[in-house]
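Chemist: Quick one: structure below, then a few questions.
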Amino acid sequence: MSEIEAFSPSVIEKLGYYVYLLSDPDTNRIFYVGKGFGNRIFAHINQAISSPQESDKLEKIRSIHSNGGQVNYFILRHGLTEKEAFEVEASLIDFIGIYDLTNIVQGHHSYSRGKMNIIDIIAQYDAPKIDIIEPAIIIIVNKLFKRAMSEEELYEITRGNWPLGIRRNNAKFAFCVYNGLVRQVYEIHRWFPVQARTEYQKRKARWRFDGIIAQDLQHYVGGNVDMYITKGAQFPVKYVNC
């Protein structure tokens, strides 16, 4: 059977907004979750065929086609408002797991309302405000953080590379902060310079630290540090007591 490439106007009118899945015909494994309207569900296939653009999703589709297969399409929910479609899409991505999909980003509001364990829920809605008394550097990892990260992954995104001055040497501890909450605290052993890759990075030296989890400061983990963070500030680093 030839692959369907578009819906008729009649089908589009009745579908409304919908949430769809793309899966591998050989394994039935879902590799993409999306939401859309009209013929959005077919756009990825058409792009993979007609565009030289590269991505995990497009390469997966091309691989299926090169092996003589056809992508399986599924519409999971339809007749939705756009807001409802966003919520269903985000829930599915959280449930399947972003690492098992070719989606580039997590779903709508995943960081604030997405998949969390009980500790995360309590931390987000009932986190105590903390007063840091140690010389420390707060490192905000909002753009790098993903839920269910391993300790090793969390350490890697926290330690660098940051455009810092000599004041860094006064900090004895590094607080990893996401969404205003402390995710981990590290004891800094040393800072070392990182080779700049772009002209922009060469304007200010970038530094990375080596360290270990600060076992004596674990009482800070899960605490709220909003009092130390200036709303709207773009720089992801804040010095405290140093």
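Chemist: Mind pulling up the Rg/Rh value for region 9-113? Radius of gyration and Kirkwood radius, both on Cα.
Modeler: 0.97
Chemist: Can you put Val88, Val19 in order, fewest other beta carbons within 10 Å first?
Modeler: Val88, Val19
Chemist: Please sort 166-178, 71-83 by packing, taking for each peptide the average over its residues of neighbouring beta carbons within 10 angstrom, highest first.
Modeler: Peptide ranking by packing, descending: 166-178, 71-83.
Chemist: Dipole of region 9-113 (Lys/Arg Cβ +1, Asp/Glu Cβ -1, origin at the Cα centre): which of Ser55, Ile45, Leu15 lies farthest to the positive side?
Modeler: Leu15
Chemist: Filter the cross-link list Lys35/Lys83; Lys143/Lys238; Lys129/Lys231; Lys146/Lys231; Lys143/Lys231; Lys57/Lys83 down to pairs whose alpha-carbon distance in this structure exceeds 19 Å.
Modeler: Lys146/Lys231; Lys57/Lys83
Only the coordinates and a few stated rules stand behind these numbers; no lab work does. Note that the coordinates shown come from a computational prediction; the quantities given were computed from them, not determined experimentally. All Cβ positions, glycine included, derive from the backbone under ideal geometry; neighbour counts span all protein chains shown.
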